[in-house]
Amino acid sequence: LAKTTQPISMDSYEGQEVNITCSHNNIATNDYITWYQQFPSQGPRFIIQGYKTKVTNEVASLFIPADRKSSTLSLPRVSLSDTAVYYCLVGDIGQTGANNLFFGTGTRLTVIP
Amino acid sequence: KAGVTQTPRYLIKTRGQQVTLSCSPISGHRSVSWYQQTPGQGLQFLFEYFSETQRNKGNFPGRFSGRQFSNSRSEMNVSTLELGDSALYLCASSLAAGTSPVNEQYFGPGTRLTVT
């Protein structure tokens, strides 16, 4: 599984756009990039996933450059409820289809009023 | 559709005892994974079960074991509890392998285990 590197923490004001970048220099051809969000005392929640270029859903966008060695999660107009830890994961489900996610330290986002 | 449920939500045990945690996946999900989360080590993968078979295992001692039943419900057992086993234990379920998006797991609320 490719290792990921993210900033430990970020602060942002309400209403701003937040971009969290993740480095994954050893990403493999079959790997997908997935982001999860976790609130205190809750399990992580899937946000978005991509393989290349740009992916957008109702809550976030994911930008992946051509070399795929990094990715950026973009949260538009954050609110206080977006305060959470965000994890970047890289990997596939493997030849056996096994689901074992490697969560790094994540990025603790604090949204300030 | 009901989410992943875990029981009990909170548990207090003493050193040396054993504990069994239960997880009921989302209906139709056949893969169940277990994770341990502590402030010091973060989220760590324990093991994954698919169709009653352990498909993958993390780097935890043999005191940690699990099983999956024919209805996909899963249990995790920790024997000879140690103080360091105090953690939030999370269960996650997902559809069968090969579905898209890959690695989309649905997590339960967790079981908070305290070992005294």
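Taken together, the values in this text are just the output of simple stated rules run on the coordinates, not laboratory data. The structure displayed is predicted, hence computed values, not measured ones. Heads up, the Cβs are rebuilt from the backbone with ideal geometry, glycines too, and the neighbour counts pull from every protein chain shown.
Size descriptors for the protein assembly as shown, from the alpha-carbon set: Rg then Dmax equal 17.7, 53 Å.
Dimensions of the stretch B:1-67 along the principal axes, based on C-alpha atoms and rounded to the nearest Å, stand at 37, 25, 22, largest first. The stretch A:1-44 and the stretch A:51-94 have Cα centres separated by 7 Å.
In summary, the lysines within cross-link reach of A:K69, defined as a Cα separation below 25 angstrom excluding same-chain residues under 8 places away, comprise A:K3, A:K52, A:K54.
Peptides A:71-78, A:3-10 ranked from most to least packed give A:71-78, A:3-10, packing being the mean of other C-beta atoms within 10 angstrom over each peptide's residues. Comparing B:L21, B:L95, B:L43 in a Gaussian network model of chain B (Cα springs below 10 Å), the most mobile by mean-square fluctuation is B:L43. Quote the charge dipole size of the stretch B:5-63 about the Cα centre in Debye, to the nearest 20; the model charges only the Cβ of Lys and Arg (+1) and of Asp and Glu (-1). Computed about the Cα centre, the dipole is about 180 debye.
Across peptide A:40-50, the average count of Cβ atoms from other chains found within 10 Å of a residue's Cβ is 5.
Residue-wise HN-Hα couplings along the stretch A:44-61, as the Karplus relation 6.51 cos²θ - 1.76 cosθ + 1.60 with θ = phi - 60° gives them from phi, are x, 10, 4, 9, 6, 9, x, 10, 7, 6, 10, 10, 9, 10, 6, 10, 7, 10 Hz; Gly and Pro carry x. Computed over Cα pairs, the Kirkwood radius of the stretch A:6-67 leads via Stokes-Einstein (0.692 mPa s, 37 °C) to a diffusion coefficient of 244 µm² per second. Shown for chain B is the translational diffusion coefficient from the Stokes-Einstein equation, using the Kirkwood radius over Cα pairs, a temperature of 20 °C and a viscosity of 1.002 mPa s: 151 µm²/s. Calculated translational diffusion coefficient of the stretch A:13-113 (4 °C, 1.567 mPa s; Stokes-Einstein with Kirkwood radius over alpha-carbon pairs) equals 92 µm²/s.
What does the charge add up to near A:Q37, with Lys and Arg as +1, Asp and Glu as -1, over the other residues with Cβ less than 14 Å from its Cβ? Could you put the intermediate results ahead of the total?
Values: positive: A:R45, A:R108; negative: A:E58, A:D82, B:E104.
In short, -1.
As a proxy for reagent exposure, ranking A:L62, B:L11, B:L113 by other Cβ atoms within 10 Å from fewest up yields B:L11, B:L113, A:L62.
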